[in-house]
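Single-structure report; data block below.
The values are calculated or read from the model by the stated rules, or taken from the named source; none is laboratory data. Remember, predicted model here, so these are calculated numbers, not experimental data. Here the Cβ positions follow ideal geometry from the backbone for every residue, glycine too, while neighbour counts run over all protein chains shown. For the accessible areas, the whole protein counts, side chains as well, though only heavy atoms, and no ligand, DNA or RNA atoms are used. Shrake-Rupley method; radii C 1.70, N 1.55, O 1.52, S 1.80 Å.
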Amino acid sequence: MPQSLAKVLVHIVFSTKHRYPFLADRNIRNEMRAYLGGTCKQLDCPVLIVGGVADHIHILCSLSRNYSIAKVVGEMKRSSSKWIKTKGAALRKFSWQN
């Protein structure tokens, strides 16, 4: 019986709302990278690397065969936004750009 194999690598970039430097603190930025990597793993999208600077994030991952790109990005933005707002008063207004 034939089988199909696919490996789709995706470079995802998204920024904070109005490019505000919410991720300027190195510790917060590193925690965000780790959090996003874990979220990708839960979505069956193995991460090759997560990077970024004060106002945007880059993610290189392998796309799951079970989820669309829109679903993966939407879930990463939703869960990370909810999580980071618990990290202090300065981050309570955190939001990703649409």
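Annotations
- On the stretch given as the stretch 45-69, residues that are without any contact (Cβ under 8 Å) to a residue 24 or more places away in the chain and touching a strand residue (DSSP E or B) at 6+ places or on another chain (Cβ under 9 Å) total 5.
- Counting only residues that are assigned to a helix (DSSP H, G or I) and either exposed (fewer than 14 other Cβ atoms within 10 Å of the Cβ) or out of contact with any Ser or Thr (no Cβ under 6 Å at 6 or more places or on another chain) (or both), the stretch 6-35 holds 11 of them.
- Apart from one condition, Leu9 fits all of (1) touching a Leu at 6+ places or on another chain (Cβ under 7 Å); (2) without any contact (Cβ under 8 Å) to a residue 40 or more places away in the chain; the exception is (2).
- Failed condition for Val53, given (1) modelled with pLDDT of 95 or more; (2) out of contact with any Ser or Thr (no Cβ under 9 Å at 6 or more places or on another chain); (3) more than 22 Å from Lys87 (Cα to Cα): (3)
- Check on Ser62, more than 15 Å from Phe14 (Cβ to Cβ), polar (S, T, N, Q) and out of contact with any Asp or Glu (no Cβ under 8 Å at 6 or more places or on another chain): yes
- In the stretch 73-94, of all residues being assigned to a loop (DSSP other than H, G, I, E, B) and basic (Lys, Arg), the one that is most open to solvent (accessible area, probe 1.4 Å) corresponds to Lys93.
- Selection count, the stretch 44-72, where residues are assigned to a loop (DSSP other than H, G, I, E, B) and open to solvent by 20 Å² or more (accessible area, probe 1.4 Å): 9
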